[in-house]
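Working notes, beginning with the structure itself.
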Amino acid sequence: MATPGSGFWSFGSEDGSGDPENPGTARAWCQVAQKFTGGIGNKLCALLYGDSEKPAESGGGGGPRGPPPPKATPGGGGREPPRATSRKATCACNQKPCSCPKADVNYAFLHATDLLPACDGERPTLAFLQDVMGILLQYVVKSFDRSTKVIDFHYPNELLQEYNWELGDQPQSLEEILMHCQTTLKYAIKTGHPRYFNQLSTGLDMVGLAADWLTSTANTNMFTYEIAPVFVLLEYVTLKKMREIIGWPGGSGDGIFSPGGAISNMYAMLIARFKMFPEVKEKGMAAVPRLIAFTSEHSHFSLKKGAAALGIGTDSVILIKCDERGKMIPSDLERRILEAKQKGFVPFLVSATAGTTVYGAFDPLLAVADICKKYKIWMHVDAAWGGGLLMSRKHKWKLSGVERANSVTWNPHKMMGVPLQCSALLVREEGLMQSCNQMHASYLFQQDKHYDLSYDTGDKALQCGRHVDVFKLWLMWRAKGTTGFEAHIDKCLELAEYLYNIIKNREGYEMVFDGKPQHTNVCFWYVPPSLRVLEDNEERMSRLSKVAPVIKARMMEYGTTMVSYQPLGDKVNFFRMVISNPAATHQDIDFLIEEIERLGQDL
């Protein structure tokens, strides 16, 4: 929980500092909080003035975890958070009879069956949902408070022993349900924290969060216009705008939101195969020759997963060599295409990457497009990570040639900060996706409906049930505008360059590759003092490979920050820093460097 002196009070400033002697800011926030009904304001005030969950200090007597956790409850049932058996809510209206939660609500004696649609369920429902909202708002506030932990790490066996997670036959009370909500968020990773750099998807956008809440409240499906009219129209509008940004004339083409970039890439492979051999839809792989796909050795593993799922086989995915910066080498691509054709195989897809997962590299799309055109091969661009740069006038040149692709994967839940999940597959040829996937289910897609059937989009998807992923992107776009996304992306790339400029010549750091990063990926080794005097040989590499895992483990134990590491090819474990959270500042980058050095100096 934030205190008046914590970073929360000035999370819009560069250093995140506050005035611990001035309670006025806290009072101001409390005045705002009082506008919430149902007691949420009082809870937020208690939050703002209460004790924070602070990251453990390096010299603290409690070790990396800080103070010991509360004792488990007797009988091995697992420990539980503090119990609050009732709430008092006051009536806020003069209507009689009113539906305000004005009476005492004792959750210890209430169950889910007492909530709507139960008779007289309005009062307990409003009270319960307001208390859930209070838990969520507390978590949101703490996510931006630099004095709180990024993670309260416990090993799996510890969490399994400390709490009873098993499912039972009998219902639990609403009091216990609220406790489960608190416990779950207590051990959740604060992916919106300004010092969380672990994955490509980071940050917590307030408008996107609100849109996600609305989407869950609407609780509908995306397969037909009749049950999701606004959402279907918004998907049409948004996908068309994304195609315009890619560079397809008038935004022509097709597309769909899918459950992540891996599925979007598989869609591309599926459609490319159908385009070349439409008979495969009915007759299967036995009716077509041996198909070969090509992608770079630094590409995402989803290409091989898609080939396995579609019956093409992982051996039919040829990995193309990359240069020292991780970019596909076009001459090697052409050589491998000719080899495949000489063996009697049929090249059907080339997947270029715009923003590789580790290096953040952009394949030379123009050269790849020339090769695909020459050999009549479907060109797909996996821009799951790099697609957001199309929103930036300063950086979109890195995707030059993407307009020549037949299909593009673009994940707004990565660089654009849209809440998970939000991934789009965009196809240049209109109608192809429908022809590839439609099954004419007559109980959903009746042909005699009274509206334009082109808005019944479900038959072009592999899924039947499909989550509404578009609304959070659309609402954020309306709130930020394209210029807002541009500022977000430019800031993150500037922070990456700031990190690179600090560590490239700093003692104890070695860059994995030369030159400033093209994306926000900054790859480096931290070399502890004990290894700096060793010759560059096998023993040094062996010892260096153990440094990043130990530092990462210590980060998680202390809860101060998180950053990823991995080996790649012949390179031993190195840190891969990525920045996609606009809440991060120069001071957060400085903190990361200092924390790596603090946690790794004794190795």
Considering residues of region 191-209 that are assigned to a helix (DSSP H, G or I) and touching a helix residue (DSSP H, G or I) at 6+ places or on another chain (Cβ under 7 Å) only, the residue most open to solvent (accessible area, probe 1.4 Å): V207
Single condition E339 does not satisfy, out of (1) in contact (Cβ under 8 Å) with a residue 24 or more places away in the chain; (2) farther than 22 Å from L426 by Cβ; (3) not in a loop (DSSP other than H, G, I, E, B): (1)
Residues being modelled with pLDDT of 95 or more, of a type in the set (V, I, T) and open to solvent by less than 20 Å² (accessible area, probe 1.4 Å) - total across region 210-231: 1
Subset tally (residues that are assigned to a helix (DSSP H, G or I) and within 22 Å of T183 (Cα to Cα)) for region 105-123: 4
Residue identified as in contact with a His (Cβ under 9 Å, 6 or more places away or on another chain), open to solvent by less than 10 Å² (accessible area, probe 1.4 Å), at negative phi and not basic (K, R) among L473, L568: L473
Matching option when the condition is without any contact (Cβ under 8 Å) to a residue 60 or more places away in the chain, of a type in the set (S, T, N, Q) and not assigned by the TED database to the domain that holds S392, among Q170, Q182: Q170
Failed criterion for V468 (all others in (1) at pLDDT 95 or above; (2) open to solvent by 20 Å² or more (accessible area, probe 1.4 Å) hold): (2)
Spans of helices (runs of 4 or more DSSP H) in region 214-283 with at least 2 residues without any contact (Cβ under 8 Å) to a residue 40 or more places away in the chain and assigned by the TED database to the domain that holds F345: 229-246, 280-283
Selected residue (criterion: surrounded by the fewest Cβ atoms within 10 Å (Cβ to Cβ)) from residues of region 304-336 that are of a type in the set (V, I, T) and closer than 22 Å to R290 by Cα: T314
Subset of region 515-532 [within 28 Å of the chain's Cα centre (by Cα) and exposed (fewer than 15 other Cβ atoms within 10 Å of the Cβ)]: G515, K516
Subset of region 122-178 that is among the β-branched types (V, I, T) and in contact with a strand residue (DSSP E or B) (Cβ under 7 Å, 6 or more places away or on another chain) - its residue that is surrounded by the fewest Cβ atoms within 10 Å (Cβ to Cβ): I151
Scan of region 461-520 for residues that are in a helix (DSSP H, G or I) and of a type in the set (S, T, Y), ordered by number: T482, T483, Y498, Y500
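The values are calculated or read from the model by the stated rules, or taken from the named source; none is laboratory data. Here the structure is a predicted model, which is why all the values come from computation and not from measurement. When we count neighbours, we look across all protein chains shown, and the Cβ atoms used for this are built from the backbone with ideal geometry, even at glycine. Ligands, DNA and RNA are excluded from the accessible area calculation, which covers all protein heavy atoms including side chains. Shrake-Rupley method; radii C 1.70, N 1.55, O 1.52, S 1.80 Å.
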